[in-house]
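Engineer: If you scroll down you'll find the structure; I have some questions about it.
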Amino acid sequence: MRFLCLIAPRLVLSVLLSAGLGAGCVASSAQSRESAPVQPVAHLEVDAGVIAKPASAGLYGLMTEEINHSYEGGLYAELISNNTFRGNWMGVEGWNVVVKGNAQVTARMDRKDGPSAALPGSLELKVASASAGNEAGVSNSGYWGMAVRPRTTYKGSFYAKMDGDVGPVTARLVGDQTGAVLASAQVEMAGRGWARYEYTLKTGEVATSAMNHLELTVARPGTLHLQLVSLFPPTFGNEANGDRADLMEMMAAMHPHFIRLPGGNYVEGDTLKDWYNWKQTIGPLVDRPGHQAPWTYWSTDGFGLMEFLRWTEDLKVEPVLAVYAGYSLRGEHVAPGKDLEPYVQSALDEVEYVTGDASTKWGAERAKDGHAAPFPLHYIEIGNEDQFDKSGSYDARFAQFAEALRKKYPQYKLIATTPVKEKAGDEPDMIDDHYYKSPEEMFALVKHYDDAPRTGPKVFVGEWATRSGTPTPNFGDALGDAAWMTAMERNSDLIKMASYAPLLVNVSPGAMQWPTDLIGYDALTSYGSPSYYAQCMFGAHMGDGTPQSSIAGVAEGQRFFYSATVSSATHVLHLKLVNATTMAQPMEIALKGLGAGAHVAKVISLHGATFEATNTIATPLAIKPVESVARFTGAEWKHTVPALTIEVVDVGVE
Ligand code: AHR
């Protein structure tokens, strides 16, 4: 049976996730489906009273890295692109020279004059002529636009140095199409040496739009050097140097339990010199040099290790801390032994920065960076995808890291990125397995862990995704993902954690490096893919025990998948039913352990008309979860899962 939901679309997810189900949903007429093809009846039996094995309540988490402008141009709310004036042969990307009236100005990169050792250069503006109304300066067009909203306060800053009395600097938000000034502020210059200046821009009754830019201009001749120009809209929790609220809210709705950080390939870098040297990503922004990230663009590291950690704190989840282990993406590795020691020390220091109290060297550094309390930590991952290190050095590199980490921090679980030849005492606690598959391949993978040995290390599926849609997964991918999630849930006595990857993509032309990413956005808005909604549904309804269950009447290889978990705290049975066929699946579901009498099943349903059906930035809610309620008496519930449908069902147990 299908249901149509009358809840306002924007409310659907929050209603669903706050466990309010059923209100506003009405059954649609069944007539049109009567002649539709139907699968033979399947018999599902679940005994909610018999827990066969434990399930991992903390199974689902998040993973992304600086890819697809996930942070810069994404989660990190900074509006100014290339705010440290990185140049290339094309010029200084993101910036234009502003000349008004008869002003005269030349702009160039001065590589030798900057506000700090980390940022030793700056943009030099030589203003030969300028006056009121004839101003000169620079403009920045943001990350594929600059979102401006009415009645909003934007907080800005920049570093500047003057030769001659060129100030004050006027900051303006300007509409691209109209030239209208949407907000402006004057910044008085204090002396000639390098100093940091702040400004505030407040909009009035302006239209919401992303087609805007920031201008910084002067009205007097002289020379002005600029560096680290910044502008922030209101952020999640109003934190300084903070995150986009819409994206944070979307992540919170997935009910994650951890964030694997900082990557992925991002932790490795392309070459040895590009490794994620976390010490250069903390402290004042002006002391962060930035680094070349592997996904083709520069990272300013404005979103550095502390910002990663605050992200975990804001979402009330734990970090899974990946440390660089001496292997970089293009195949170089650091020889185990003496050469590797500095990297092992860096990892020890990093763990101390995350977890040490303020009496430790790096704990004190963290307190200086504004976070006195240690962050919680249980898992440390050593490297990323070290199976690609064809030199075979990972066994020895892992052993060297494991020995040092275990000696100082025996309480943490260590994750290897590929199986290692174990020496007694340095066995990994977990192995990180990655799966990127087509829908077909994902359906075929669902039994992969069913018979895997339960005696060795546990499994962390640190990256997985069904990939065919671009830039975000389509409904066929969501079906593959849901099938795979049933498999991971069924095996979550072994698979303790799993994180879809990548999480984020800026869908503006040219911003993406990796097709098929869970959440899409541009400068102004964001949307969830069908796979995102499938994850919200599964993540919000995960138990801590797997009850005894069996299914009959589903042909071998047929694309029908299920999982069952029970929450011991809430006494709820969570059933996940995935029908990836184009025929409705009638079911007789025998549910033991519910108690006698009448039962209410809360059903959340995600349906797509075809594998190709999807959500886009222009049609963000074409596919979305709908809720309904089904009632049955006794232990048998006759229920039909419609074609191409993912369902999550909650039923109270005794
Ligand atoms: O998620 C994208 C990339 O895929 C990750 O950086 C890497 O670990 C994997 O190969």
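The values are calculated or read from the model by the stated rules, or taken from the named source; none is laboratory data. What you see is a predicted model, and the numbers here were worked out from it, not measured in a lab. With ideal geometry, Cβ positions are generated from the backbone for all residues, glycine too; neighbour counts draw on all protein chains shown. What goes into the accessible areas is simple: the full protein's heavy atoms, side chains included, and nothing from ligands, DNA or RNA. Shrake-Rupley method; radii C 1.70, N 1.55, O 1.52, S 1.80 Å.
Engineer: For Gln177, indicate whether it is in contact with a Gly (Cβ under 8 Å, 6 or more places away or on another chain), at pLDDT 95 or above and over 26 Å from Leu503 (Cα atoms).
Structural biologist: No.
Engineer: I've got another one for you. In the stretch 494-514, what residues are part of a strand (DSSP E or B) and open to solvent by 50 Å² or more (accessible area, probe 1.4 Å)? Full working, then the answer.
Structural biologist: From the stretch 494-514, those part of a strand (DSSP E or B) are 495-500, 504-506; that's our starting set.
Once the filter is applied, which keeps residues that are part of a strand (DSSP E or B) and open to solvent by 50 Å² or more (accessible area, probe 1.4 Å), the stretch 494-514 yields only Lys496.
Engineer: In the stretch 388-427, which residues are in contact with a Phe, Trp or Tyr (Cβ under 7 Å, 6 or more places away or on another chain) and either surrounded by fewer than 18 Cβ atoms within 10 Å (Cβ to Cβ) or within 18 Å of Tyr449 (Cβ to Cβ) (or both)?
Structural biologist: Tyr412, Lys413, Ile415, Ala416, Thr418
Engineer: Of the residues in the stretch 92-106, how many are under 35 Å from the mean Cα position of the chain (by Cα) and in a loop (DSSP other than H, G, I, E, B)?
Structural biologist: Initially, the stretch 92-106 is screened for residues under 35 Å from the mean Cα position of the chain (by Cα), giving 92-97.
If we keep only those that are in a loop (DSSP other than H, G, I, E, B) too, we end up with 93-94.
Qualifying residue count for the region: 2.
Engineer: Working only within the stretch 251-278, note down all residues that are part of a helix (DSSP H, G or I), within 22 Å of Gln513 (Cα to Cα) and among the hydrophobic types (A, V, I, L, M, F, W, C).
Structural biologist: Within the stretch 251-278, Met251, Val267, Leu272 qualify.
Engineer: Taking only the stretch 456-484 into account, find how many residues are within 16 Å of the ligand (Cβ to nearest atom), of a type in the set (D, E, K, R) and open to solvent by 10 Å² or more (accessible area, probe 1.4 Å).
Structural biologist: Residues in the stretch 456-484 being within 16 Å of the ligand (Cβ to nearest atom), of a type in the set (D, E, K, R) and open to solvent by 10 Å² or more (accessible area, probe 1.4 Å): 2 in total.
Engineer: Also, I was wondering about something else. Ser32 is checked against (1) at pLDDT 95 or above; (2) open to solvent by 10 Å² or more (accessible area, probe 1.4 Å); (3) not in a loop (DSSP other than H, G, I, E, B) and fails just one. What number does that condition carry?
Structural biologist: (1)
Engineer: Residues being small (Gly, Ala, Ser) and in contact with a strand residue (DSSP E or B) (Cβ under 7 Å, 6 or more places away or on another chain): count how many of those fall in the stretch 493-519. Outline the logic, then answer.
Structural biologist: Pass one, the stretch 493-519, residues small (Gly, Ala, Ser): 498-499, 501, 508, 510-511.
From what's left, in contact with a strand residue (DSSP E or B) (Cβ under 7 Å, 6 or more places away or on another chain): 498-499, 501.
Total satisfying the criteria: 3.
Engineer: While we're on this one: Could you run through the stretch 369-387 and say how many residues are open to solvent by 10 Å² or more (accessible area, probe 1.4 Å) and within 14 Å of the ligand (Cβ to nearest atom)?
Structural biologist: Of the residues in the stretch 369-387, 2 are open to solvent by 10 Å² or more (accessible area, probe 1.4 Å) and within 14 Å of the ligand (Cβ to nearest atom).
Engineer: Further, regarding this structure: Which residues, counting only those in the stretch 440-455, are assigned to a loop (DSSP other than H, G, I, E, B) and either touching a residue at least 24 places away in the same chain (Cβ under 8 Å) or open to solvent by less than 20 Å² (accessible area, probe 1.4 Å) (or both)?
Structural biologist: First, the residues of the stretch 440-455 that are assigned to a loop (DSSP other than H, G, I, E, B): 446-455.
Once the filter is applied, which keeps residues that are assigned to a loop (DSSP other than H, G, I, E, B) and either touching a residue at least 24 places away in the same chain (Cβ under 8 Å) or open to solvent by less than 20 Å² (accessible area, probe 1.4 Å) (or both), the stretch 440-455 yields Val446, Lys447, His448, Tyr449, Asp450, Ala452, Arg454.
Engineer: So, in the stretch 158-188, exactly how many residues are free of Cβ contacts under 8 Å to residues at least 40 places away in the same chain, under 20 Å from Pro115 (Cα atoms) and not in a strand (DSSP E or B)?
Structural biologist: The first filter runs over the stretch 158-188 and keeps only residues free of Cβ contacts under 8 Å to residues at least 40 places away in the same chain, leaving 175-188.
So of that shortlist, the ones also under 20 Å from Pro115 (Cα atoms) come out as 187-188.
Restricting the remaining residues to those that are not in a strand (DSSP E or B) gives 188.
Residues that pass the stated criteria total 1.
Engineer: Sort out for me the strands (runs of 3 or more DSSP E) sitting completely within the stretch 605-654 that have 3 or more residues that are of a type outside the set (Phe, Trp, Tyr) and surrounded by fewer than 22 Cβ atoms within 10 Å (Cβ to Cβ). Even if it seems obvious, please write down each step before you answer.
Structural biologist: Working: elements: 626-633, 636-641, 645-652.
It comes to 626-633, 636-641.
Engineer: Considering each residue of the stretch 132-155, count those that are among the basic types (Lys, Arg), touching a residue at least 60 places away in the same chain (Cβ under 8 Å) and not in a strand (DSSP E or B), and give that number. Please lay out each step first, then the result.
Structural biologist: At the first step, the residues of the stretch 132-155 found to be among the basic types (Lys, Arg) are 149, 151, 155.
Next, from what is left, pick out any that are touching a residue at least 60 places away in the same chain (Cβ under 8 Å): 149, 155.
Restricting the remaining residues to those that are not in a strand (DSSP E or B) gives 149.
Within the stretch 132-155, residues that are among the basic types (Lys, Arg), touching a residue at least 60 places away in the same chain (Cβ under 8 Å) and not in a strand (DSSP E or B) number 1.
Engineer: For the list (1) open to solvent by less than 20 Å² (accessible area, probe 1.4 Å); (2) over 20 Å from Leu524 (Cβ atoms); (3) in a strand (DSSP E or B); (4) among the β-branched types (Val, Ile, Thr), I need the number of the one condition that Thr200 fails.
Structural biologist: Against the list (1) open to solvent by less than 20 Å² (accessible area, probe 1.4 Å); (2) over 20 Å from Leu524 (Cβ atoms); (3) in a strand (DSSP E or B); (4) among the β-branched types (Val, Ile, Thr), Thr200 comes up short only on (1).
Engineer: Among Lys112, Lys126, which is the only one that is without any contact (Cβ under 8 Å) to a residue 60 or more places away in the chain, farther than 25 Å from Gly73 by Cα and of a type in the set (Lys, Arg)?
Structural biologist: On the way: Lys126 fails: without any contact (Cβ under 8 Å) to a residue 60 or more places away in the chain.
Within the list Lys112, Lys126, the selection yields Lys112.
Engineer: Whether any residue in the stretch 184-191 is open to solvent by less than 20 Å² (accessible area, probe 1.4 Å) and within 26 Å of Arg108 (Cβ to Cβ) is what I want to check.
Structural biologist: yes
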